[in-house]
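Report on the structure given below.
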Amino acid sequence: MASIVSTLKKVTGSNITLPKGFSAAGINCGIKYKKKDLGIILSEKPAAAAAVYTTNKIKAAPLAVTKESIETEGILQAVIVNSGNANAFTGTQGTLDAYAMRSQVSEVFGLSEHYVGVASTGIIGETMPIDTILEGIGKLHPQSRLENALEFSQAILTTDTNTKNACYSFQVGEKEVVLAGTAKGSGMIHPNMATMLSFMTTDANISSENLHYALRKVTDLSFNCITVDGETSTNDMVLVMANGCAGNEELTPQHPDWGTFLQALTLTSTDLAKSIARDGEGATKLIEVTVDGAASDEEARIAAKSIVGSPLVKTAVFGCDPNWGRIVAVLGYANVEIVPEQIDLSIGDFPVLLSSGILPFDEEGISSYLSSSDISITVNLHAGNGKGKAWGCDLTYDYIQINSSYTT
């Protein structure tokens, strides 16, 4: 763990093109009226790739195409992304359109077709304006400048109010390695992937197999621990590309710096996940729930996600209402082991329950605390040694307004 402390650094003001050998671009190709809607990430050489996908049984066509690409050799060199149209529930034509996007990128940039991943986000059930998109692919000119990376980050947004980026650097032996990510997500966010797309790039030298192992491990602690509204989308994807341009000795679980890499991947993913939760549609507050003393880490995460996903808890936080009973009620139906007589609960720095006994507390103080932009809820179940966290946001009037007029 000493190497994590000594070499891992957060890099501010950086982007997905900071790792060596990556470039990006984002443009408006005509899916949307004015906003950017088409983007690409390109590696100068084939990169090890790994991805995780939505658990929704209805999966958008681009996911199948990307999965096929990665499974061919475990390698990608580019990922093409559009917003404004999800290409989901679009039948055979949707599949043909996703393959057409892959083929066009292959032709324009001189890549093997299975070196190209495809992702889409937007309205479900509408046919892709594929001719517009194919023409737009020819107008993409990826570069490694910050400006181009930010344009890509903008091109993948839907109802998001801002771009979401994170970046860390660390040492592997004598080589500096950089890992960076960008994401989109605002509504239809729920554990086990959310309505979100997240793309991470790194110049680390690592195999696709080990990258996939690391990504699965980290996703359970980050992207699968956020919720906005209990909805799980058809298009969710987290994708990582590692091109090895840092020139480090190959990272494996046996490498002394493997823990540093995992920590960097965890921090990047967690930063992006929290940014998505904070930017929930209409949200005004980020809620972090910490559960200790659960029967297992998994049960701790289940309990935390249940609390942060409760509409009653979310509306109480929005209204600055210190109604702690709603939190206790969630624990009763969260399908985790609890000892009803041994629950500790705090809202911020305000203890409310100790061994299920109600403590004298400052109701006005809690209400004032709940008006903050960052809210913390801490629970100890005294049922074991499990620990877990989850992140979400409040539920506001604006959420209804945004989603009642999404297609109009």
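Details
- Scanning region 374-394 for residues that are in a strand (DSSP E or B), of a type in the set (G, A, S) and surrounded by fewer than 21 Cβ atoms within 10 Å (Cβ to Cβ) turns up just one, S376.
- Exactly one residue out of I75, I27, I70 is in contact with a strand residue (DSSP E or B) (Cβ under 7 Å, 6 or more places away or on another chain) and closer than 17 Å to A155 by Cβ, and it is I27.
- Residues that are under 20 Å from the mean Cα position of the chain (by Cα) and assigned to a helix (DSSP H, G or I), drawn from region 66-81: T66, K67, I70
Let's see how each residue does on (1) under 17 Å from the mean Cα position of the chain (by Cα); (2) within 30 Å of D220 (Cβ to Cβ); (3) buried (at least 18 other Cβ atoms within 10 Å of the Cβ); (4) modelled with pLDDT of 95 or more:
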residue	(1), (2), (3), (4)
Q104	no, no, yes, yes
E126	no, no, no, no
I130	no, no, yes, yes
F170	no, yes, yes, yes
T202	yes, yes, yes, yes
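- Looking only at region 60-80, residues that are over 15 Å from S106 (Cα atoms), in contact with a Pro (Cβ under 9 Å, 6 or more places away or on another chain) and either open to solvent by less than 10 Å² (accessible area, probe 1.4 Å) or aromatic (F, W, Y) (or both) come to 0 in all.
- Filtered residues of region 13-36 (kept if assigned to a loop (DSSP other than H, G, I, E, B) and touching a Gly at 6+ places or on another chain (Cβ under 6 Å)): C29, I31, K32, K36
- Extreme residue, surrounded by the fewest Cβ atoms within 10 Å (Cβ to Cβ), among residues of region 346-372 that are in contact (Cβ under 8 Å) with a residue 12 or more places away in the chain and in contact with a Leu (Cβ under 7 Å, 6 or more places away or on another chain): L353
- Applying the criterion of at least 2 residues that are touching a Pro at 6+ places or on another chain (Cβ under 9 Å) and farther than 18 Å from T202 by Cβ to the helices (runs of 4 or more DSSP H) found wholly in region 89-177 leaves 91-109.
- Scope region 107-152; condition basic (K, R) and closer than 25 Å to D236 by Cβ; matching residues: none
- Test: residue in region 334-344 that is touching a residue at least 60 places away in the same chain (Cβ under 8 Å) and open to solvent by less than 30 Å² (accessible area, probe 1.4 Å): no
- Filter result (in a helix (DSSP H, G or I), of a type outside the set (F, W, Y) and closer than 15 Å to E299 by Cα) within region 324-346: V330, L331, G332
- So S371, is it closer than 20 Å to I287 by Cβ, modelled with pLDDT under 95 and in a loop (DSSP other than H, G, I, E, B): yes
The values are calculated or read from the model by the stated rules, or taken from the named source; none is laboratory data. Just so it is clear, the model here is predicted, and its values are computed rather than measured. Neighbour counts run over all protein chains shown; Cβ positions are idealised from the backbone, glycine included. Side chains are part of the model used for accessible areas, which takes the heavy atoms of the whole protein and leaves out ligands, DNA and RNA. Shrake-Rupley method; radii C 1.70, N 1.55, O 1.52, S 1.80 Å.
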